[in-house]
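Where a number appears in this text, it was derived from the coordinates with a stated rule and is not lab data. None of these values were measured; they are calculated from a predicted model. Methodologically, a virtual Cβ is constructed for each residue, glycine included, from the backbone with ideal geometry; neighbour enumeration extends over all protein chains shown.
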Amino acid sequence: MTSHSHKQVAIIRTERGLTISGTRITLYDVMDYLTEQYPPKFIRAMLSLTDEQVKAALSYIEAHRTEVEAEYQTVLKDTEELRQYYDKQNSELIAYIAAKPPKPGTEAIRAKLRAERAKLESPV
């Protein structure tokens, strides 16, 4: 196989939405980086994609901007609703865990963590 024989990269629709074929990366994942104005090389590195895959995703987004943007907004809304649902579902459990006393023998590490947090939170 030579370096000139490339498999055609396509954007396909899966149960996850618009996806880069051969991956589990959706165009909505790419949109997260685009909306934060990250360059293609960064997106490629963060999502472990090839140059061809990034080009295919960006080309598809550009050619179908209205459709992709509408779906992306729906994904963001659904994600936020899920986060709020699980925050509510887990709030009692989180409060219960937070109220429990620390396990014996963890005092030294907890003191060290508090000191590090204080350093990070103190104004420079």
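For Leu18, the amide hydrogen comes within under 5 Å of the amide hydrogens of Leu27, counting only partners 5 or more places away or on other chains and with H modelled in the peptide plane. From its DSSP helices (H runs of at least four residues, each -39,500 (n - 2.57)), the chain gives a residue-normalised ellipticity at 222 nm of -21500 deg cm²/dmol. Estimated from the Cβ-Cβ distance and a Förster radius of 30 angstrom, the FRET efficiency linking Ala63 and Gln84 is about 0.35. Once the dipole of the range 11-121 is set up with Lys and Arg at +1 and Asp and Glu at -1 on Cβ about the Cα centre, which of Pro102, Asn90, Ser48 lies farthest towards its positive end? Of the options given, the answer is Pro102. Normalised by the number of residues in the chain, the average gap of Cα pairs under 8 Å and 6 or more apart makes the relative contact order 16 percent. Along the axis of the charge dipole computed for the chain (Cβ charges of +1 for Lys and Arg, -1 for Asp and Glu, origin at the Cα centre), the listed residues Ala10, Val75, Tyr38 are led at the positive end by Tyr38. Straight-line reach from Lys88: taking Cα to Cα under 25 Å and skipping same-chain neighbours fewer than 8 places apart, the lysines in range are Lys77, Lys100.
Mind sorting Val9, Val30 by how few other Cβ atoms lie within 10 Å of their own Cβ, fewest first? Before the final figure, lay out the partial values.
Values: Val9 20, Val30 27.
The fewest-first ordering by Cβ neighbours comes to Val9, Val30.
The value of relative contact order for the range 12-65, using C-alpha pairs under 8 Å at least six residues apart, is 25 percent.
Answer with a single label: of (1) 1.18; (2) 1.06; (3) 0.99, which was calculated as Rg/Rh (Cα atoms, Kirkwood Rh) from the structure in view? Correct label, based on the coordinates given: (1).
Dipole of the chain, Cα-centred, from +1 at each Lys and Arg C-beta and -1 at each Asp and Glu C-beta, to the nearest 20 debye? Write down the numbers at each step before the final one.
On the way: 18 positive and 18 negative charges, 139 e Å.
That gives the chain a dipole magnitude of about 660 debye.
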